[in-house]
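Q: Here you go, one structure.
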Amino acid sequence: MTNIVVLIKQVPDTYSERKLTDGDYTLDREAADAVLDEINEKAVEQALQIKEAHGGEVTVLCAGPDRATEAIRKALSMGADKAVHLNDEALHGSDVVQTSWALANVLGTIEGTELVIAGNEATDGRMGAVPAILAEYLGLPQLTHMRTLEIADGVAKGERETDEGIFEVEATLPCVVSVGEKINEPRFPSFKGIMAAKKKPVESLTLADAGVEAAQVGKDNAASSVTSASPKPPRAAGEKVTDEGEGGNDVAKYLVSQKLI
């Protein structure tokens, strides 16, 4: 194994309030705390396990603004060797197809890539399509929704879990893999790893560096757009049940009325 590339993304913390930007209805990334997406931590962990078993390097690839370097350093502190940061204002508002096109072009600049690992979907967009679109652009086989993954004799294989069941699948390398929540439990960065991450190389690229034209990406060139949005309604007051001997029955009746039991 020469090089494993892991796609990572910085997303608003799920415990923070997420807001849309007035005017273009894109996600306001400055309005909430930002973190490395949890599913990306699992993707990084899987890459590190493969590296420990078969050697090679782990490169993380992230598209995002300056602030995304925080997520990149988190992945490096876990043990990734280096990073590539696609940082260009023209990417703002890109849809899933445009984002995949830009990432595919950046991957073309990373030498020795035998395996690309991503999470199934990011928690901010929930599109779940980037790995498949990326594989199509690159002309590579894909293994998606993987809950186990192993590499042997130039083949990636494991269990794919969907609503229809669990399937044994495999693909020859190079290939694109997306992992699900059950794939592993990510390691915590050690103090040594955190300090080492500060010295690891992070290559910053623009769209021009990757051979992508600004007219191919961005909100104004996207195939879809949001024309309006409404804030979620305030939480309604709950219904109180006073227990005067029939409290249990009253609660049960309420649950039945809401079709919860």
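Q: Of VAL169, ALA208, LEU76, which is farthest on the positive side of the dipole of the chain, counting Cα position, with +1 on Lys and Arg Cβ, -1 on Asp and Glu Cβ, and the Cα centre as origin?
A: Selected residue: LEU76.
Q: With a sphere of radius 10 Å drawn around the Cβ of LYS200, what net charge do the other residues whose Cβ falls strictly inside it have (Lys, Arg +1; Asp, Glu -1)? Please list the in-between numbers first.
A: Numbers: positive: ARG73, LYS82, LYS198, LYS199; negative: ASP81.
That works out to +3.
Q: Something else about it: Please sort 95-103, 196-204 by packing, taking for each peptide the average over its residues of neighbouring beta carbons within 10 angstrom, highest first.
A: 95-103, 196-204
Q: Let me ask something else about it. With N denoting the number of residues in segment 1-219, provide Rg(C-alpha) divided by 2.2 N^0.38 Å, to two decimal places. The partial results should precede the final answer.
A: Working: Rg = 16.5 Å, N = 219, 2.2 N^0.38 = 17.1 Å.
That works out to 0.97 for segment 1-219.
Q: Dividing the convex hull volume of the Cα atoms of segment 170-249 by its residue count, what figure in Å³ per residue is obtained?
A: Spread over its residues, the Cα hull of segment 170-249 gives 411 Å³ apiece.
Q: For the chain, give the share of DSSP beta bridges that are antiparallel, in percent and rounded to the nearest 5; count only bridges with both residues there.
A: Roughly 35 percent of the beta bridges in the chain run antiparallel, per DSSP.
Q: Distance between the C-alpha centers of segment 123-160 and segment 16-79? Whole Å please.
A: The two parts, judged by their Cα centres, are 18 Å apart.
Q: Report, to one decimal in Å, the Kirkwood hydrodynamic radius for segment 80-125 based on all distinct Cα pairs.
A: 12.5
Q: Enter the accessible area per residue of the chain (Å², integer; probe 1.4 Å; all protein chains in place). The partial results should precede the final answer.
A: On the way: 14860 Å² over 261 residues.
Result: 57 Å² of accessible area for each residue.
Q: For segment 109-261, what are the per-bin percents of Cα-Cα distances with bins 5 Å wide, up to the bin holding the maximum?
A: Computed distribution, short to long bins: 2, 6, 9, 11, 12, 12, 12, 10, 8, 6, 5, 4, 2, 1, 0.
Q: Next up: If you roll a 1.4 Å probe over the chain with all protein chains in place, what percent of the accessible area is carbon or sulfur?
A: Numbers: 7420 of 14860 Å².
Accessible surface attributable to carbon and sulfur in the chain totals 50 percent.
Q: Next question. How about LYS74: which aspartates and glutamates have a C-alpha closer than 15 Å to its C-alpha, ignoring those fewer than 8 places off in the same chain?
A: Within the straight-line cut-off, LYS74 pairs with ASP13, ASP33, ASP37, GLU38, GLU41, GLU45, ASP66.
The values are calculated or read from the model by the stated rules, or taken from the named source; none is laboratory data. Not measured: the values here are computed from a predicted model. All Cβ positions, even for glycine, are placed from backbone atoms using ideal geometry, and neighbour counts span all protein chains on display. Surface areas here come from the heavy atoms of the whole protein model, side chains and all, with no ligands, DNA or RNA. Shrake-Rupley method; radii C 1.70, N 1.55, O 1.52, S 1.80 Å.
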